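The values are calculated or read from the model by the stated rules, or taken from the named source; none is laboratory data. Predicted, not measured: the structure shown is a model, and the values here were computed from it. When we count neighbours, we look across all protein chains shown, and the Cβ atoms used for this are built from the backbone with ideal geometry, even at glycine. These area figures cover heavy atoms from the full protein model, side chains too; ligands, DNA and RNA do not enter into them. Shrake-Rupley method; radii C 1.70, N 1.55, O 1.52, S 1.80 Å.
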Amino acid sequence: VALLEDGRTAEVYIERRGKRSVVGHVWKGRVGNVLAGMEAAFIDVGLEKSGFLHVDEVVAMGVPKHRRQIAELLKKGDQVLVQATKDPMGTKGCRLTMQLSLAGRFVVYVPYGDGVGVSRKLLDDERRRLRKICGALPLEGGLIVRTAAAGASAQDIARDYAALRRLWAALQGRSEQVQSPALLYSEADVSLKVIRDLLNPNVEEVLVDDPAQHERIHNFLKRTSPDMARRVRLYEGDQPMLTALGVEKAIRSTLDRRAPLPSGGYLIIDDTEAMTVIDVNSGRNVGRGGSRLEDTVTKTNLEAAVEVVRQLRLRDIGGIVIIDFIDMSDEKNRRAVSDALDAELAKDRTRTFVAEISPLGLVQMTRQNISDGPREVMSERCPECEATGFVPSDETLAIEAARGIARGVAEVEDERVQVRVSPRVASLLNDDGRARVQTIEEQTGRSIVVEPDRGLHDDEVRVRSSAAAVA
Ligand SMILES: [Zn+2]
């Protein structure tokens with residue numbers, strides 16, 4: 001699913017069969033280890049890795065938050081209802097909460113919560129109107145009114161709430177019948193979820209290229225917001241839809257380290273274990289000396305501020321992000337770039353926090369993402385270099401192979417020795433590296449034949465006597 005703004009791909013949501021996001025899923029889980037020191041517990045929900053539940057996410061009626069201690073609230077083996085708030089990513093299991101929330105089109109129902117909260121993105125008058133509508137509902141638990149509720153009628157909201165209450169009742173019923181760990185509720189698939197959560201009156205059109213999915217979405221909207229149902233259209237173009245709209249190209253570009261800027265500069269985006277580092281480069285776009293240089297640099301940095309946020313959204317980058325803008329001497333220009341970045345970040349629905357610019361001119365920020373981005377879904381670690389970007393040079397391989405041959409030859413008694421190595425190493429040893437093999441031959445008085453074996457890795461060396469090889 002792609003979100004386009006002014007014809008450009010702004011966000012993409014990719015889900016592959018068998019690798020669905022678990023955010024929003026509700027399980028009856030079983031408490032594993034309780035870590036008193038970390039004030040957290042691991043919960044087995046039946047996924048590969050146990051989920052992580054922090055004490056702040058435990059529902060404990062009547063115990064004030066600051067007095068809560070995990071060891072007093074949960075014991076190993078306890079059965080608890082939990083919901084995922086973050087997908088498993090990298091080596092970490094999913095993050096869980098006991099404060100369940102069930103999302104509808106206009107409201108989110110929080111069974112263990114209380115009161116009514118209304119999205120701050122709505123205007124004051126509209127917030128008052130919606131608050132009044134919710135005040136008239138037979139409320140059990142808490143309710144959050146979403147931005148999508150703008151303009152919704154009392155009937156729309158009552159219908160949405162009633163559906164969520166039925167869902168909650170069904171979920172509780174199921175919970176009583178099953179043994180943990182068990183999945184009780186699975187969140188809607190990606191297309192329906194994006195429609196439910198992101199569709200608002202600012203969206204001009206929804207294009208769907210699959211007739212069955214089109215019907216599903218159309219029916220969902222006819223039920224929940226009939227006005228929006230009219231904006232859903234079945235795509236019937238000749239080209240594949242995502243190609244025609246340029247989405248495929250945008251998704252593919254998220255695998256590049258480099259992201260171009262309009263005036264010739266570019267960003268270099270690097271992921272490390274701890275953070276994402278974005279370096280701004282002026283490219284060939286450099287004027288000559290003095291004020292012209294400062295103007296050019298400022299222009300590049302302003303373009304970079306826009307592109308950085310575009311890339312953060314498109315790649316759905318989370319965690320710590322460090323941006324290295326090009327140095328500017330003028331305080332006024334530094335402020336302009338910083339303001340431009342803030343203005344762009346205001347368009348990002350994902351929560352971000354920008355710290356002050358550091359003494360070295362680095363912008364430090366954090367961004368909360370809850371699922372893997374397109375890059376993580378579409379790619380895997382490079383097996384050659386283990387994602388370090390470095391592989392041993394030819395010379396290193398040749399030296400290491402020669403050492404392996406010397407060790408192996410010492411263990412073989414025959415005068416004639418056969419050595420098998422990967423094709424790449426074989427060609428290194430038979431061409432320029434022949435001298436290395438000759439040295440071993442002279443030192444040991446053996447005759448060595450190097451042969452390529454496609455079944456071997458570059459760091460493997462097999463040595464045996466030629467007699468054995470013949471036999
Ligand atoms: Zn590599």
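Miscellaneous remarks
- Residue in region 435-454 that is basic (Lys, Arg), surrounded by fewer than 11 Cβ atoms within 10 Å (Cβ to Cβ) and away from the ligand (no atom under 16 Å from the Cβ) present: yes
- Total residues in region 76-85 satisfying the condition of being out of contact with any Ser or Thr (no Cβ under 6 Å at 6 or more places or on another chain), touching a residue at least 60 places away in the same chain (Cβ under 8 Å) and open to solvent by 50 Å² or more (accessible area, probe 1.4 Å): the figure is 0.
- Hey, Ala401 surrounded by 18 or more Cβ atoms within 10 Å (Cβ to Cβ) and either under 49 Å from the mean Cα position of the chain (by Cα) or hydrophobic (A, V, I, L, M, F, W, C) (or both) or not: yes
- Taken over region 133-154, residues that are at pLDDT below 90 and in a helix (DSSP H, G or I) amount to 3.
- Meets criteria (surrounded by fewer than 15 Cβ atoms within 10 Å (Cβ to Cβ) and within 28 Å of the chain's Cα centre (by Cα)) for Asp342: yes
- Test: Glu15 is in contact (Cβ under 8 Å) with a residue 12 or more places away in the chain, under 27 Å from the mean Cα position of the chain (by Cα) and over 28 Å from Lys347 (Cβ atoms): no
- Whenever a residue of region 384-395 is under 12 Å from Asp459 (Cβ atoms), its partners that are open to solvent by 80 Å² or more (accessible area, probe 1.4 Å) and more than 12 Å from the ligand (Cβ to nearest atom), lying with C-beta atoms within less than 9 angstrom and at least six residues away or across chains, give the pairs Pro392/Glu400; Pro392/Asp459.
- Restricting Ile320, Ile269, Ile357 to those that are in contact (Cβ under 8 Å) with a residue 12 or more places away in the chain, touching a helix residue (DSSP H, G or I) at 6+ places or on another chain (Cβ under 7 Å) and either surrounded by fewer than 14 Cβ atoms within 10 Å (Cβ to Cβ) or more than 25 Å from Leu4 (Cα to Cα) (or both) reduces the list to Ile357.
- Out of Asp209, Asp227, sole residue that is within 26 Å of Ala244 (Cα to Cα) and in contact with a helix residue (DSSP H, G or I) (Cβ under 9 Å, 6 or more places away or on another chain): Asp209
- If the condition is being under 26 Å from the mean Cα position of the chain (by Cα), assigned to a loop (DSSP other than H, G, I, E, B) and polar (S, T, N, Q), then region 229-263 contributes only Thr254.
- Scope region 370-398; condition open to solvent by 40 Å² or more (accessible area, probe 1.4 Å) and touching an Asp or Glu at 6+ places or on another chain (Cβ under 6 Å); matching residues: Val391
- The set of residues from region 2-51 being open to solvent by 60 Å² or more (accessible area, probe 1.4 Å) and hydroxyl-bearing (Ser, Thr, Tyr) comprises just one member, Tyr13.
- Subset of region 130-141 [under 28 Å from Ala346 (Cβ atoms) and surrounded by fewer than 18 Cβ atoms within 10 Å (Cβ to Cβ)]: Arg131
- Residues that are within 22 Å of the chain's Cα centre (by Cα) and either within 19 Å of Leu199 (Cβ to Cβ) or surrounded by fewer than 18 Cβ atoms within 10 Å (Cβ to Cβ) (or both) within region 86-100 comprise Met89, Gly90, Thr91, Lys92, listed in sequence order.
- Residue, modelled with the highest pLDDT, within region 274-330, restricted to residues that are at positive phi and small (Gly, Ala, Ser): Gly319
- Failed condition for Leu73, given (1) over 23 Å from Val190 (Cα atoms); (2) surrounded by 21 or more Cβ atoms within 10 Å (Cβ to Cβ): (2)
- The lone criterion from (1) open to solvent by 60 Å² or more (accessible area, probe 1.4 Å); (2) at pLDDT 90 or above; (3) more than 30 Å from Val463 (Cβ to Cβ) left unmet by Arg367 is number (1).
- Number of residues in region 44-73 that are basic (Lys, Arg), under 21 Å from Ser101 (Cβ atoms) and assigned to a helix (DSSP H, G or I): the value is 1.
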